[in-house]
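Peer 1: A single structure is presented below for examination.
The values are calculated or read from the model by the stated rules, or taken from the named source; none is laboratory data. Computed from a predicted model, the values in this text were never measured in an experiment. Don't worry about glycine lacking a Cβ; one is built from the backbone with ideal geometry, like all the others, and counts go over all protein chains shown. Each accessible area value is taken on the protein alone, full model and side chains, heavy atoms only, with ligands, DNA and RNA left out. Shrake-Rupley method; radii C 1.70, N 1.55, O 1.52, S 1.80 Å.
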Amino acid sequence: MSFSITAAAAQAQKAARQVANLSSVQKNTLLSDIAHSLLEQSKSILAANEIDLTEARKNGLDAAMIDRLSLDPERIKAISNAVLEIAAQADPVGSIANIQRMPSGIQVGKMRIPLGVIAMIYESRPNVTIDAAALCLKAGNAVILRGGKEALHSNLALAESIKLALKKHNIDPAAVVVVPDTDRKVMNELMTLNQYVDLIIPRGGEGLIRFVSENSRIPVIQHFKGVCHLYVDSAADETKALNLLENGKTQRTSACNSLETLLVHKNIATTYLPKAAALLAKHQVKIHACERSIGYFEQATAATEDDWHAEYLAMEIAVRVVDDYEQAIEHIENYGSGHTEVIATQDYSKAQAFIRRINSAVVMANASSRFSDGGELGLGAEIGISTSKLHAYGPMGAESLTTEKFIVLGEGEVRI
């Protein structure tokens, strides 16, 4: 039987009405059962993931893509725990804010409500399948998940875990649709279904996000690349700044919150850069250095304009010495992608100024860029990190998947 994305979207719209009316207890119990189902089905999930990994290696996928694709018992446990954390959070649906009485006597407030049907188009990370499903269900939405062909077997196996929990609670299985057909035509058709789908979120490479943004009839929240900067100020604690560099660049290079550019104040360059060079050499990080910093590295290439824009997602980093704080700010404003920026400084006023001045989705002082993550920021998990300055900016949790309606309470007042 062939798959019809139009039929699936229509069924998801119907299922969304059921999910929107679930109580907080019902949603949390459902999520808890999804988390347990993942653990119970882990053997079949790992077997499916191995099929995808074998194909990925055969097709020459790079190390960053294979890392994103890979599952193991620890990662499945982490995904399951993230679902439990989402279940434990306060339910955003139905909360009322800003109640105030108008001169007319009516009381006006805003209530959070589900968006309806959300479509996710993403690439190689199977964990997105579960994170997105759990967050959408928590927010009272149905979700259509169109993953990349490289993760198809993994995603379908994960979908089975969700289906088992939905069936147990007599919830329409169309509430979570994992698209089994990765043909580009299906994605193109999905982007036209604005009569059924309320929001579309692309997550992956820049090419994918631009294609969806330019071709969708459905409102899009963009999750562009993470060109994340660490600026080491003249007042930085060098030991702390080295730790931030090591963790931000080398812990997990395939993540969008890993560091891609290091900016160093000229007054601290002579003491900091030799230590940074030794640290990066230990991890075999490839360096693209400006003419003022290249001499500190044994093996470095001269940085080009493209390097300042680059999201390497690998053991690779661009390095620049800047004259002062203002030049660091200017560099970030010119080349940053609006994702995550970090300042290392012991100057409190400078740290506060940096936080106020930089308008990326996440701005940090003396903390690793690797904390730019929904789980680390208290969201349990994230559906992605929005770089669109719309209603959601930065890591998107359940509340970001709701909207607000006005509610009016009166006692028979009429407008004069």
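Peer 1: Which pairs have Cβ atoms under 9 Å, sit 6 or more apart or on different chains, and link a residue in the range 100-112 that is within 20 Å of A139 (Cα to Cα) to one that is open to solvent by less than 60 Å² (accessible area, probe 1.4 Å) and among the β-branched types (V, I, T)?
Peer 2: G109/I407; K110/I407; M111/V93; M111/I407; R112/V93; R112/T402; R112/T403
Peer 1: Regarding the range 336-353, can at least one residue be identified that is touching a Ser or Thr at 6+ places or on another chain (Cβ under 7 Å), of a type in the set (S, T, Y), open to solvent by 10 Å² or more (accessible area, probe 1.4 Å) and not in a strand (DSSP E or B)?
Peer 2: Within the range 336-353, the subset touching a Ser or Thr at 6+ places or on another chain (Cβ under 7 Å) is 336-342, 351.
Then keep just the ones that are of a type in the set (S, T, Y); that gives 337, 340.
Subsequent filtering for residues that are open to solvent by 10 Å² or more (accessible area, probe 1.4 Å) retains 337.
When the remaining residues are screened for being not in a strand (DSSP E or B), the result is 337.
Looking for residues that are touching a Ser or Thr at 6+ places or on another chain (Cβ under 7 Å), of a type in the set (S, T, Y), open to solvent by 10 Å² or more (accessible area, probe 1.4 Å) and not in a strand (DSSP E or B), one finds at least one in the range 336-353, hence yes.
Peer 1: I've got another one for you. Select from the range 72-83 the residues that are over 18 Å from the mean Cα position of the chain (by Cα) and either modelled with pLDDT under 95 or acidic (D, E) (or both) and list them in ascending order.
Peer 2: If the condition is that a residue be over 18 Å from the mean Cα position of the chain (by Cα) and either modelled with pLDDT under 95 or acidic (D, E) (or both), then D72, E74 are the ones that fit.
Peer 1: Mind listing whichever residues of the range 368-399 are modelled with pLDDT of 85 or more and open to solvent by 30 Å² or more (accessible area, probe 1.4 Å)?
Peer 2: Step one: filter the range 368-399 for residues modelled with pLDDT of 85 or more, giving 368-373, 376-377, 396-399.
Of everything in the range 368-399, those that are modelled with pLDDT of 85 or more and open to solvent by 30 Å² or more (accessible area, probe 1.4 Å) turn out to be R370, F371, D373, E376, L377, E399.
Peer 1: Residues being open to solvent by less than 40 Å² (accessible area, probe 1.4 Å) and on the phi > 0 side of the Ramachandran plot: count how many of those fall in the range 358-367.
Peer 2: 0
Peer 1: Filtering the range 209-256 down to residues that are part of a helix (DSSP H, G or I), open to solvent by less than 30 Å² (accessible area, probe 1.4 Å) and touching a residue at least 60 places away in the same chain (Cβ under 8 Å), which residue is farthest from M65 (Cα to Cα)?
Peer 2: Checked the range 209-256; the qualifying residue farthest from M65 (Cα to Cα) is A241.
Peer 1: Taking the range 279-335 as the search range and keeping residues that are over 20 Å from A64 (Cβ atoms) and hydroxyl-bearing (S, T, Y), which one is least open to solvent (accessible area, probe 1.4 Å)?
Peer 2: S293
Peer 1: Specify the residue that is most open to solvent (accessible area, probe 1.4 Å); the eligible residues are those in the range 400-410 that are closer than 25 Å to V128 by Cα and either out of contact with any Cys (no Cβ under 7 Å at 6 or more places or on another chain) or polar (S, T, N, Q) (or both). Please lay out each step first, then the result.
Peer 2: Of the residues in the range 400-410, the ones closer than 25 Å to V128 by Cα are 400-403.
From what's left, either out of contact with any Cys (no Cβ under 7 Å at 6 or more places or on another chain) or polar (S, T, N, Q) (or both): 400, 402-403.
Working: S400: 25, T402: 1, T403: 56 Å².
In this case the residue turns out to be T403.
Peer 1: Conditions first: (1) under 26 Å from the mean Cα position of the chain (by Cα); (2) at pLDDT below 95; (3) surrounded by fewer than 14 Cβ atoms within 10 Å (Cβ to Cβ). D67 passes all but one, so which condition is the exception?
Peer 2: The number of the failed condition is (3).
Peer 1: Looking only at residues in the range 4-55 that are open to solvent by 50 Å² or more (accessible area, probe 1.4 Å), touching a residue at least 60 places away in the same chain (Cβ under 8 Å) and within 18 Å of I144 (Cα to Cα), which one is nearest to the chain's Cα centre (by Cα)?
Peer 2: That would be Q13.
Peer 1: Please report, ordered by residue number, the strands (runs of 3 or more DSSP E) entirely within the range 281-335 with at least 3 residues that are more than 27 Å from the chain's Cα centre (by Cα).
Peer 2: 300-302, 316-322
Peer 1: Give the residues of the range 149-184 that are free of Cβ contacts under 8 Å to residues at least 60 places away in the same chain, open to solvent by less than 60 Å² (accessible area, probe 1.4 Å) and of a type outside the set (A, V, I, L, M, F, W, C), sorted by residue number.
Peer 2: The answer is N155, T182.
Peer 1: Quick check: is even one residue across the range 266-276 among the basic types (K, R), open to solvent by 10 Å² or more (accessible area, probe 1.4 Å) and either over 23 Å from A314 (Cα atoms) or not in a loop (DSSP other than H, G, I, E, B) (or both)?
Peer 2: First pass over the range 266-276, keeping only residues among the basic types (K, R): 266, 275.
Pick out the ones that are also open to solvent by 10 Å² or more (accessible area, probe 1.4 Å) and you get 266, 275.
From what is left, the residues that are either over 23 Å from A314 (Cα atoms) or not in a loop (DSSP other than H, G, I, E, B) (or both) are 266, 275.
The answer is yes, given that some residue of the range 266-276 is among the basic types (K, R), open to solvent by 10 Å² or more (accessible area, probe 1.4 Å) and either over 23 Å from A314 (Cα atoms) or not in a loop (DSSP other than H, G, I, E, B) (or both).
Peer 1: In the range 109-156, what count of residues is obtained for those that are closer than 18 Å to Q18 by Cα and either part of a loop (DSSP other than H, G, I, E, B) or not small (G, A, S) (or both)?
Peer 2: So the count comes out to 16.
Peer 1: Now for a different question. Examine the range 298-315 for a residue that is touching a helix residue (DSSP H, G or I) at 6+ places or on another chain (Cβ under 7 Å) and closer than 14 Å to H229 by Cβ, and state whether such a residue exists.
Peer 2: Yes, the conditions are met somewhere in the range 298-315.
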